[in-house]
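Worksheet: the structure to be examined is printed underneath.
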Amino acid sequence: MGILKGYTTKRLLPRRFDRWKIHSKIVLPCLIMTIFLNTLYGIFWGRFSFKRSKFIISKPVAVYSILVGLSFAVYHVLQVYEEFTSGRITSRDTIKIYCYMNVCVCLLNYVTQWAITGPVVRFQNSVPLFPVANALDTSMMMVWRALLHCVLKMMVCPLIVYVTLVLYQHRAHPDMEWTIIASVRTMMPLIISNQVNNCFFGGLVIANLIVAAINKRIRSIVREANMLQTPLQMVLLKPYYRMQRFCELADNLDELALKYVVTASCSKGYLRFTDWSMIVSMVMNLIGITVGFYNQYLAIADYYINEDQPYDLHQAIVQLVFLSVPFMELILVSRISSQMLLETKKTGDLLQRIDLQHADVRFKQVVNSFWLQVSTFDYKLMPLGLLELNSSLVNTVFSAVTGFLLILIQSDLTLRFSLK
């Protein structure tokens, strides 16, 4: 969720779009699709006004969103209540439990996103996404790599879950006819619960792309600034020309410093609109993964220890694939967060490589000011201040799951052998 700045009227759209960089042309349809899905699912109350050139809160969209949210809540709450009272929900049904836990995440997303609609709209209108992106050059390799991350997170993972869910339903309930509509209806809680997190993930991918482009430009400035201060260049070049080049480099660094601060602050600031959803989703995934693997242990223990129930290998594989998707999404979030942290730190390292011994005074001031901004900006992605998004996120979740499983398995084994 960003901003469509650069649009004033529909008549100017094609002409301005032709002057955009290729990465901005790729980001635009992704952004439009994200906003469309947020509106379709009833999460976002706003719309983009071409007349005002900004996002506004729309009353018809708000009414539609409330109707969608209430319909979703009534349908799934009644479904959970009906299955609970009829005894069709068991602790061994891992996939169904996981799906119903995501219903809770969806309801939380509706409440929290509706409550912060005003701040979200103001934030969108304050982010100069396309002016910043069009001012930088990005290699196509980085663009396609960023696009691959988004495709894996937002399309491949839901597709794997959908196929696994269909196989599970046919295996668990062979007497029921599972049509495409029925399967999609079952998938909706999983899709809507991840939508808010996908928005943050997409924004972080774009921010990482912009900071990488800034570092690429800084790297060229470092080479030129150091070259201008070599003994040979100081002899060959006139002092006026060197001063002129240093002033031009200082202007470029000033622009890059502004883009860096805007990108880093916006990517970090957007986290406050998605932090509740991310934390609750992680907790639900932690519980679901733990329950899933514990149920796998119970099935194995019943087969080998009690020898009273057959072990369904096909069902175990299906559940294992289903539970591996949250881990895959967690790895993607951890990877892109780590890349963003490395890129922001790399900016300060590049600035320290500039030799300022024989540089122009203004250039020295700009470099020192930029480095001071980078070094004092505490860039950490910590939703609700509870858990930092970095390379250690996967290890933290894996350690928590392992710890819970050891406690549960030890308690179960103690109970089983004490009864014999």
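Brief remarks on what is shown
- Helix 157-172 vs. the chain, principal-axis angle (Cα, 0 to 90°, nearest 10): 0 degrees
- Computed over the stretch 290-385, the ratio Rg/Rh where both radii use C-alpha atoms and Rh is Kirkwood: 1.43
- Between helix 140-151 and the chain there is an angle of about 20 degrees, using the helix long axis and the longest principal axis of the Cα atoms.
- Gyration tensor verdict on the stretch 241-351 (Cα atoms; rounded if a/c is under 1.5, prolate if a/b is larger than b/c, oblate otherwise): prolate
- Across the stretch 35-140, the relative contact order, built from alpha-carbon pairs under 8 Å that are at least six residues apart, equals 30 percent.
- When you count the other C-beta atoms within 10 angstrom of each residue and take the mean per peptide, 393-400, 237-244 line up highest first as 393-400, 237-244.
- Most to least packed among 152-161, 105-114 [average Cβ atoms within 10 Å]: 105-114, 152-161
- Calculated diffusion of the chain, Stokes-Einstein form, Kirkwood radius summed over Cα pairs, 25 °C and 0.890 mPa s, µm²/s: 100 µm²/s
- Note: relative contact order over the chain, using C-alpha pairs below 8 Å and six or more positions apart, is 20 percent.
- Helix 94-115 axis, angle to the chain major axis (alpha carbon atoms, nearest 10°): 50 degrees
- Label-to-label distance, MET141 versus ARG353, with points set 7 angstrom from Cα along the beta-carbon direction: 1.6 nm.
- Most to least packed among 70-81, 341-352 [average Cβ atoms within 10 Å]: 341-352, 70-81
- If the convex hull is drawn through the Cα atoms of the stretch 136-279, its volume per residue in Å³: 136 Å³
Values quoted throughout were computed directly from the atomic coordinates according to the rules given, and no laboratory measurement underlies them. These numbers were taken from a predicted model, which means no experiment stands behind them. Neighbour counts run over all protein chains shown; Cβ positions are idealised from the backbone, glycine included.
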